[in-house]
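I have placed the structure first, in the form of structure tokens, so that the comments after it can refer back to it.
The values are calculated or read from the model by the stated rules, or taken from the named source; none is laboratory data. This one's a predicted model, so the numbers in the text were calculated from it and none came from an experiment. Cβ placement follows ideal geometry from the backbone for every residue including glycine, while neighbour counts extend to all protein chains displayed.
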Amino acid sequence: MTAPPQRSRSLISGFLRSLANNPGHKALELGEQSLTYEQLWNYAGRITACLKDIADPSEKVVAVLADRSIAAYGGILGVLGSGRGYVHLNPKFPIERTQIMLQASGCKTLIVGNECAETLGELLPRLDKSIMLIIPDSGWETSVSNTPAKHRIILPARLSKLADPTDPTVEGNDTAYLLFTSGSTGVPKGVAVSQSNVVAYMEYAAKRFGMHGGDRCSQNFDLTFDLSVHDLFTCWDGGATLCPYPEQTLTPATFVDELQLTCWFSVPSVAMFASKIGLLEPGAFPTLRWSLFCGEALSASLAAAWQQAANHSILENLYGPTEATIAITYYRWDSATSPAECFRGLVPIGWPFQGQQVCAVNEDLEPVPVGESGELCLGGSQVTRGYLNDPQKTARSFVRLKHTGDQIWYRTGDLVRQDDRGCLFYLGRRDFQVKVNGYRVELQEIDLVLREAARTELAVAVPWPLSDGSASGIVAVVSGSDPAHDKEVISVCESRLPRYMVPNRIYHFPQIPLNVNGKVDRGKITEMLGQWTE
């Protein structure tokens, strides 16, 4: 008799194991609401059963439109439980962007949380194809009464069946989640992260961070941001409790003590704001045992201050783009030795995870000598297959290096140098892609909207102010536009771009500085802004 095919582990496997081992342990604390692993599956498993029974079998990705609610977390688990991948849609994004993401994903099913009724009302008239709406919460009977007849609606009464909590059968190349990053053409780039990509990360993270049932984990990242996958699934993989901070909170760090968190993960900007308002007093966060930072450059001074506040924790600086699945290198802070190891005041991005590869190359994709600057390329099981329905962009960014045969490497666009120990130091970007409060932003995407709104080709988006290699916001620099129209320009940007990409101020320059090649000199613009604002 032929042995049955071996079941591949999937992204939801860890949650299901924790559910089986300790169903009564708390899985989610959401404000005043809390759900055990069993209660969360009782919610998610009904979505799983619905998808298995009535969704199109050919549909590989399902969309979730929800925002820090049980519908968001339960919806994601419900989709994964059916063996499909998920794409999260943020109701705070401009409706045009949400429409583009939904249509590009090819999703035929949309799970919607109660908090997104207004967004759904704006979205549905824009869709030219029918879609199945799964509404897991009650109270929608009136809200959906005017939904166009072409759309199918599944209300809570039809979600009575509960799926068995069994690990779905998946292939390694099946999509676990689909994320969209900022795109230079004005269209978000889709990155499909496979089950094998994310399982490689999760298996390493489980060993590295050792989450367990006594842990209480922060959930700082927006669910459209790939670092949120770490938040959710390293927590649930270890049987710990996920503690999303309240949506209206401007200073998540204030909840470390209130929620008795043991594991913290955020972009450095969150810690920077906590420092500015005096939260990082020595010993302020005694419950933390892990302090993780990723998404933008981490300054040495901030790392030292946070380490003093979380004096019982291990602090690590992680690095990794969406295309290489969450994070792929690490550097562990040591208060005695790390300050001297920092370069230009920035904490190193360190060494690759076990089983992953890094290589700094020149313009000919040949390795540069130790100590010299080169573009960082990433290889290994975490590197994704490319961009959704965009072979040209994929070919530019996913390449073969001359010395490694047929292996595919991802070109990050980040400039680094590597010392003789193999430690990586971040030097900056080779293009116009920047990090703003942890979000990756293509400045050219903002440029396109700005020029249309300001009715001038002389409009440039610039990250400003700059601090420790990253930016806390975006400003616009324009020439030939009437300042009286500034509010209108900003309004157009707000309707077309996510909040973190909207310029917070417009500066009017007599001329836009150009370099010797006739291209916009963003470095000179930054220098001029520094003079103007001194």
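Going through segment 501-524 one residue at a time, which ones are at pLDDT 90 or above and either among the charged types (D, E, K, R) or crowded, with 16+ Cβ neighbours inside 10 Å (or both)? Result: 501, 502, 503, 505, 506, 507, 509.
So which residues in segment 434-462 are surrounded by fewer than 21 Cβ atoms within 10 Å (Cβ to Cβ) and assigned to a helix (DSSP H, G or I), if there are any at all? Passing the criteria: 444, 447, 448, 451, 452.
Annotation note: Cβ proximity below 9 Å between a residue of segment 31-45 that is at positive phi and a residue that is surrounded by 23 or more Cβ atoms within 10 Å (Cβ to Cβ) and part of a strand (DSSP E or B) (sequence gap 6+ or interchain) occurs for 31/244.
Say whether the condition of being in a loop (DSSP other than H, G, I, E, B) and either of a type in the set (D, E, K, R) or at positive phi (or both) is met by at least one residue in segment 192-209. For segment 192-209, residues in a loop (DSSP other than H, G, I, E, B) and either of a type in the set (D, E, K, R) or at positive phi (or both): absent.
Test residue 144 against the criterion of being modelled with pLDDT under 95 and not in a helix (DSSP H, G or I), and give yes or no.
Numbers: modelled with pLDDT under 95: yes; not in a helix (DSSP H, G or I): yes.
Answer is yes for this residue.
Could you pull out the residue among 352, 348, 369, 391 that is loosely packed, with under 13 Cβ neighbours inside 10 Å and farther than 30 Å from residue 100 by Cα? From the options 352, 348, 369, 391, the qualifying one is 369. Among (1) of a type in the set (Asp, Glu); (2) closer than 27 Å to residue 62 by Cβ; (3) touching a strand residue (DSSP E or B) at 6+ places or on another chain (Cβ under 8 Å), which single condition is residue 237 missing? The number of the failed condition is (3).
Every residue, every condition in (1) within 30 Å of residue 490 (Cβ to Cβ); (2) among the small types (Gly, Ala, Ser); (3) not in a helix (DSSP H, G or I), yes or no:
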| site | (1), (2), (3) |
| --- | --- |
| 44 | no, yes, no |
| 50 | no, no, no |
| 68 | yes, no, yes |
| 72 | yes, yes, no |
| 80 | no, no, no |
| 91 | yes, no, yes |
| 96 | yes, no, no |
| 99 | yes, no, no |
| 110 | no, no, yes |
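Among the criteria (1) farther than 24 Å from residue 436 by Cα; (2) without any contact (Cβ under 8 Å) to a residue 40 or more places away in the chain, the one residue 359 does not fulfil is (2).
Tallying residues that are in a helix (DSSP H, G or I) and in contact with a Cys (Cβ under 9 Å, 6 or more places away or on another chain) within segment 213-231 yields 3.
Of all the criteria given as (1) within 19 Å of residue 224 (Cα to Cα); (2) at pLDDT 95 or above; (3) of a type in the set (Ser, Thr, Tyr), the one not satisfied by residue 34 is (1).
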